[in-house]
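The values are calculated or read from the model by the stated rules, or taken from the named source; none is laboratory data. These numbers come from a predicted model, not from an experiment. Positions of Cβ are backbone-derived with ideal geometry, glycine not excepted, and every protein chain shown enters the neighbour counts.
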Amino acid sequence: MSQPIQLIILITTLPGRGAEQITAFEHLAPLVRAEDGCLQYDLHQVADDPDRFVLIERWGSPEALAAHDAAPHMTAADAANTAFRAKPAEVIRLVADPVA
C-alpha cells in the first residue's frame, strides 16, 4: 500500500500581487480538493509578507499526485500563475511519517 505524500510549496508573487494569488487559489482549490486522492490542499499567507505563501498538499498516493499534476486545470493554472509570480514555486517533498 502506498504511503501518503506531503508537499510544502513556497510561493512568492511579484510585489503587491499577492491578492492575485489568493484569487487564483480560490478558483482552483475546489477543483483540486475534488480530485481522487487529495487529502489536503491549503494555502497560507506568510504573516509579515503579503506576497509570500505556503501551500500544503497531502495526497493519498504517488498515482494521485501524478494525476493531479497532469490535470488540465493544473496545466492552465501553472501557465496563468506566471503573470503574477516572482519566480517558480519551490516544492519540498516530505517523507510520509515524522522522523521525531
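Quick grid of which residues meet (1) more than 18 Å from E20 (Cβ to Cβ); (2) of a type in the set (G, A, S):
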position: L43; (1), (2): no, no
position: A47; (1), (2): yes, yes
position: E57; (1), (2): yes, no
position: M74; (1), (2): no, no
position: L94; (1), (2): yes, no
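Could you tell me whether any residue of the stretch 56-66 is at pLDDT 95 or above, of a type in the set (G, A, S), in contact with a Phe, Trp or Tyr (Cβ under 8 Å, 6 or more places away or on another chain) and not in a loop (DSSP other than H, G, I, E, B)? Taking every residue of the stretch 56-66 in turn, none turns out to be at pLDDT 95 or above, of a type in the set (G, A, S), in contact with a Phe, Trp or Tyr (Cβ under 8 Å, 6 or more places away or on another chain) and not in a loop (DSSP other than H, G, I, E, B).
Looking at the stretch 16-29, I want the residues that are within 17 Å of D49 (Cα to Cα) and have a partner that is at pLDDT 95 or above and among the hydroxyl-bearing types (S, T, Y) with Cβ atoms under 6 Å, at least 6 apart or on another chain. Which pairs are those? Close Cβ pairs (under 6 Å, with a partner that is at pLDDT 95 or above and among the hydroxyl-bearing types (S, T, Y)) amount to Q21/T13.
Considering every residue within the stretch 19-38, establish whether at least one is assigned to a helix (DSSP H, G or I), in contact with a Gly (Cβ under 7 Å, 6 or more places away or on another chain) and small (G, A, S).
No - not one qualifying residue is present in the stretch 19-38.
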